[in-house]
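Asker: This structure is in structure tokens; I'll ask about it shortly.
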Amino acid sequence: MRDSPSLVRLLQLSSPALPIGAYSYSQGLEWMVECGAVHDATSLQEWIGDLLHNVMAHGEAPVLWRLLAAAENGDAKGFAEWNAWFRASREGAELRAETLQMGGSLVKLLADLDVLDDFARGQIEACAPVTLPAGFALAARAWAIPSADAVTAYLYAWLENQVLAALKAMAVGQVAGQKILLSLGAAISAIADAARDLDDDDLSSFAPGLAIASARHETQYSRLFRS
């Protein structure tokens, strides 16, 4: 992709500067810091790594692969079904609100940039509310971003946002954060490849620890993040 305009668009799509509100969510991490379960760089890497390998790898990433394929092939039925699957898989109010707010903001941005074709516009209307993975897949279609690169960038953007949330929520330094990105980021390509090959029956969003953390965060007295 080096000489392709799609690379620049991919960097734009996965940038923290993308105005969809990713910076305002911690996905339960803020509660884990509050209760003391995450208290240093080691426990932070363990928490984020568990989410990456056990949640993103088996749920969000393979759903994104399917949404990307449906968007690329113009499969409206498949696209709608996987958007609905992912929306239904959000176990708590905050996690559901997060993907719908970010997905809605992303498709609105794409509309404002005037990059959507008839298929994408039809899917946004038919699938409303649109989840973040679905919005990301429509962006990849609009900018001709290869699916493997899109999934890799999506996973890295998620990982980077988790580290950024930790830097705001706890006393862990910038260097420690970069070490976590270096260590966990090394597995992203393999996770993306494995997610592509999962059978539909093997997809799972089962993550009781994340669900509990998210639910507890809903009533946390003092908080910086919306999840």
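Asker: Mind checking which residues of the range 164-176 are assigned to a helix (DSSP H, G or I) and either surrounded by 14 or more Cβ atoms within 10 Å (Cβ to Cβ) or among the charged types (D, E, K, R) (or both)?
Answerer: Leu164, Ala165, Ala166, Leu167, Lys168, Ala169, Ala176
Asker: Filtering the range 177-215 down to residues that are of a type in the set (D, E, K, R) and assigned to a helix (DSSP H, G or I), which residue is surrounded by the fewest Cβ atoms within 10 Å (Cβ to Cβ)?
Answerer: So, considering only residues that are of a type in the set (D, E, K, R) and assigned to a helix (DSSP H, G or I), the one surrounded by the fewest Cβ atoms within 10 Å (Cβ to Cβ) is Asp201.
Asker: Any idea which of (1) in contact (Cβ under 8 Å) with a residue 12 or more places away in the chain; (2) within 24 Å of Glu94 (Cβ to Cβ) is the one Pro208 doesn't satisfy?
Answerer: Evaluating Pro208 over (1) in contact (Cβ under 8 Å) with a residue 12 or more places away in the chain; (2) within 24 Å of Glu94 (Cβ to Cβ) leaves (1) as the failure.
Asker: Moving on. In the range 69-90, which residue that is of a type in the set (Gly, Ala, Ser) and free of Cβ contacts under 8 Å to residues at least 24 places away in the same chain is farthest from Gly28 (Cα to Cα)?
Answerer: This residue is Gly78.
Asker: Given (1) more than 28 Å from Leu113 (Cβ to Cβ); (2) buried (at least 21 other Cβ atoms within 10 Å of the Cβ), identify the lone condition not met by Glu218.
Answerer: Here Glu218 meets the rest and fails (2).
Asker: Continuing with the same structure: Only one of these is more than 20 Å from Trp85 (Cβ to Cβ) and under 17 Å from the mean Cα position of the chain (by Cα): Val130, Val175, Val163. Name it.
Answerer: Val163
Asker: Hey, another quick one. Among the residues of the range 6-31, which ones are over 14 Å from the mean Cα position of the chain (by Cα) and farther than 12 Å from Arg223 by Cα?
Answerer: Ser6, Leu7, Val8, Arg9, Leu10, Leu11, Gln12, Ala17, Pro19 - these are the residues of the range 6-31 that are over 14 Å from the mean Cα position of the chain (by Cα) and farther than 12 Å from Arg223 by Cα.
Asker: Among the residues of the range 136-158, are any crowded, with 18+ Cβ neighbours inside 10 Å, free of Cβ contacts under 8 Å to residues at least 60 places away in the same chain, of a type in the set (Val, Ile, Thr) and not in a helix (DSSP H, G or I)?
Answerer: no
Asker: Note down all Cβ pairs under 6 Å where the first residue falls in the range 178-195 and is closer than 16 Å to Val163 by Cβ, the second is surrounded by fewer than 17 Cβ atoms within 10 Å (Cβ to Cβ) and small (Gly, Ala, Ser), and they're at least six residues apart or on different chains.
Answerer: Leu184/Gly49
Asker: How about the range 53-104: which of its residues are more than 23 Å from Ala194 (Cβ to Cβ), among the charged types (D, E, K, R) and buried (at least 20 other Cβ atoms within 10 Å of the Cβ)?
Answerer: Within the range 53-104, Glu94, Glu98 meet the criteria.
Asker: Going by the conditions given, is Val130 in contact (Cβ under 8 Å) with a residue 60 or more places away in the chain, among the aliphatic types (A, V, I, L, M) and crowded, with 17+ Cβ neighbours inside 10 Å?
Answerer: No; evaluated as a whole, the condition is false for this residue.
Coordinate-derived values only; no laboratory data. These numbers come from a predicted model, not from an experiment. So basically every Cβ, Gly included, is an ideal-geometry build from the backbone, and we count neighbours across all protein chains shown.
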